[in-house]
Amino acid sequence: MKISIIGTGYVGLVSGTCLSEMGNDVTCIDIVEEKINNLNNGIIPIYENGLTELISKNKKNCRLHFSTEFDSIKDSDIVFCAVGTPPNEDGSADLKYVLSVASMFGKMIDKYTIFATKSTVPVGTAEMVRSAIETELNKRGLDIEFSVVSNPEFLKEGDAVNDFMNPDRVVIGSNDNRSTDIMLELYKDFDNVIVMDTPSAEMTKYASNSMLATRISFMNDISNLCELVGANVESVKLGMGSDSRIGNKFLNPGCGYGGSCFPKDVKALIKLGEQNGYEMKVIKSVESVNEYQKTTPYLKLKKELGDLKGKTIGILGLAFKPETDDMREAPSLVVIDLLLKDGCKVKVYDPIAMDECKRRIGDVVEYCNGIEDCMDETEATLLITEWKEFKKIKDIKYDGVIIYGRKI
Ligand code: UGA
């Protein structure tokens, strides 16, 4: 099939590349010229296992193209929208990019085409997209058939290619048979394709991320209580997770969830509830537990060392999780901020997120060359991201205090 993907961020780039690997002719479009030039020169803007190889293979096969032009929309069977939906100040999702892609689609198509939303969008967005497209078609005086489909993405950073190629499920939200059949054809190689109406598909994405965030906040609460009553949360996790109704995934306590998805989607679900006169009580608590949890490495440190003024503290791990350089909503940022406010000198090290950290906070911390360098001459080391290479801190001779924000 001929496919255009608008928005070459995380979701767009991984989805486009994988769809080309599945044999489709894919054009990934972005308005940021530098990004597209880089991609055309083999420079990949994100760090993701296996992605570089797949991009180069499919570019060579002429199945994957990168462009700043929207022309490919005209002869596409499906146009995927994978632009960002950043939070507005009130936590709701900002749909201006999605709706501008919808208008562009309405300005360009001259035959039946599917508009498929991969961006995470609130329930009801498909209808807004439909009306934005119709407005443009009316302006052109055209009566062209089109379908709006919701096809949410469930990729995890760091394992996104594998998640796309071997998904637990593919969700297709569609309100007509023509688009359902085309989407089923696109995903014919996958086992668990679930077809539903568009509002349910849109809700499935928020409900899934919020459920995972709930498990994490629940376990963080249990873990905090375990520490107070002398129970071992790892044993508790094993005991609970062995119940097949509970399962053992996403039960790891730590210093709170970060990233571009859980924090944003939890906020958006709370807002969606408010907009509809319903209070999402569980999810509100999930968010407040998470805000507290991000401060726990700092609170534990204060308990150990008392006044922190003038002390030198090392931070191991800056990315919001291992195998990525992404620092969006990373607990490390909260901890660094608290330490600096208390007058500490902060040394940091991360296997790949050092440049990203410099870009975000500049030279307010000292950037180190490795684990030993980061721990050297510090009163304490806080382990914030569970990179595999940090396992070796247990073998390093160190006189300071080590606080494990995450288990390694
Ligand atoms: C998450 C979901 O896992 C994906 O299914 C979804 O597609 C994606 O959001 C999205 O909406 O685009 P991601 O944000 O990449 O993926 O990262 P996760 O691996 O889910 O981790 C999120 C956060 O939860 C991290 O800060 C991680 O450290 C934390 N976490 C995860 C825990 O604290 N405990 C756990 O047991 C698992």
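The values are calculated or read from the model by the stated rules, or taken from the named source; none is laboratory data. All of these numbers come straight from a predicted model, not from anything done at the bench. Note that we place each Cβ from the backbone using ideal geometry, even for glycine, and neighbour counts take in every protein chain shown. Quick note on the areas: whole protein, heavy atoms, side chains included, nothing else; ligands and nucleic acids left out. Shrake-Rupley method; radii C 1.70, N 1.55, O 1.52, S 1.80 Å.
Residue under question is residue 209, and the condition is that it be within 25 Å of residue 167 (Cα to Cα), in contact with a Cys (Cβ under 7 Å, 6 or more places away or on another chain), outside any strand (DSSP E or B) and within 15 Å of the ligand (Cβ to nearest atom); does it hold? So residue 209 fits the description; yes. When 84, 106, 91, 173 are screened for being open to solvent by less than 10 Å² (accessible area, probe 1.4 Å) and modelled with pLDDT under 95, only 91 passes.
Does residue 90 satisfy the criteria of being out of contact with any Cys (no Cβ under 9 Å at 6 or more places or on another chain) and either hydroxyl-bearing (Ser, Thr, Tyr) or closer than 25 Å to residue 133 by Cβ (or both)? Judged against the criteria, residue 90 is not a match. Residues that are at pLDDT 95 or above, exposed (fewer than 15 other Cβ atoms within 10 Å of the Cβ) and farther than 20 Å from residue 105 by Cα do occur in the stretch 8-26.
Kindly evaluate residue 404 against the criterion of being among the hydroxyl-bearing types (Ser, Thr, Tyr), open to solvent by 80 Å² or more (accessible area, probe 1.4 Å), in contact with a Leu (Cβ under 7 Å, 6 or more places away or on another chain) and more than 11 Å from residue 312 (Cα to Cα). Spelling it out, residue 404 is indeed among the hydroxyl-bearing types (Ser, Thr, Tyr), open to solvent by 80 Å² or more (accessible area, probe 1.4 Å), in contact with a Leu (Cβ under 7 Å, 6 or more places away or on another chain) and more than 11 Å from residue 312 (Cα to Cα). Just one of the numbered conditions (1) at pLDDT 95 or above; (2) more than 9 Å from the ligand (Cβ to nearest atom); (3) in a helix (DSSP H, G or I); (4) closer than 19 Å to residue 125 by Cα is not true of residue 268: (1).
When the residues of the stretch 190-206 are filtered to those that are part of a helix (DSSP H, G or I) and more than 16 Å from the ligand (Cβ to nearest atom), the one that is surrounded by the most Cβ atoms within 10 Å (Cβ to Cβ) is 198.
Residues that are touching a Cys at 6+ places or on another chain (Cβ under 8 Å), in a helix (DSSP H, G or I), more than 19 Å from residue 79 (Cα to Cα) and at pLDDT 95 or above: does the stretch 132-145 have at least one? No.
Quick one: which strands (runs of 3 or more DSSP E) lie wholly within the stretch 1-114 and hold at least 2 residues that are under 29 Å from residue 263 (Cα atoms)?
2-6, 25-29, 78-81
If only residues of the stretch 115-131 that are touching an Asp or Glu at 6+ places or on another chain (Cβ under 7 Å) and outside any helix (DSSP H, G or I) are counted, the one that is nearest to residue 198 (Cα to Cα) is 123. Within this structure, residue 119 passes the test of being within 24 Å of the chain's Cα centre (by Cα), of a type in the set (Ser, Thr, Tyr) and over 17 Å from residue 175 (Cβ atoms). Residues in the stretch 394-403 that are in contact with an Asp or Glu (Cβ under 9 Å, 6 or more places away or on another chain) and not in a loop (DSSP other than H, G, I, E, B): 401, 403.
Condition test on residue 221, is it over 20 Å from the mean Cα position of the chain (by Cα) and assigned to a loop (DSSP other than H, G, I, E, B)? Against the criterion (over 20 Å from the mean Cα position of the chain (by Cα) and assigned to a loop (DSSP other than H, G, I, E, B)), residue 221 does not qualify. When each of 291, 329, 323, 274 is tested for being part of a loop (DSSP other than H, G, I, E, B) and open to solvent by 70 Å² or more (accessible area, probe 1.4 Å), the lone residue that passes is 329.
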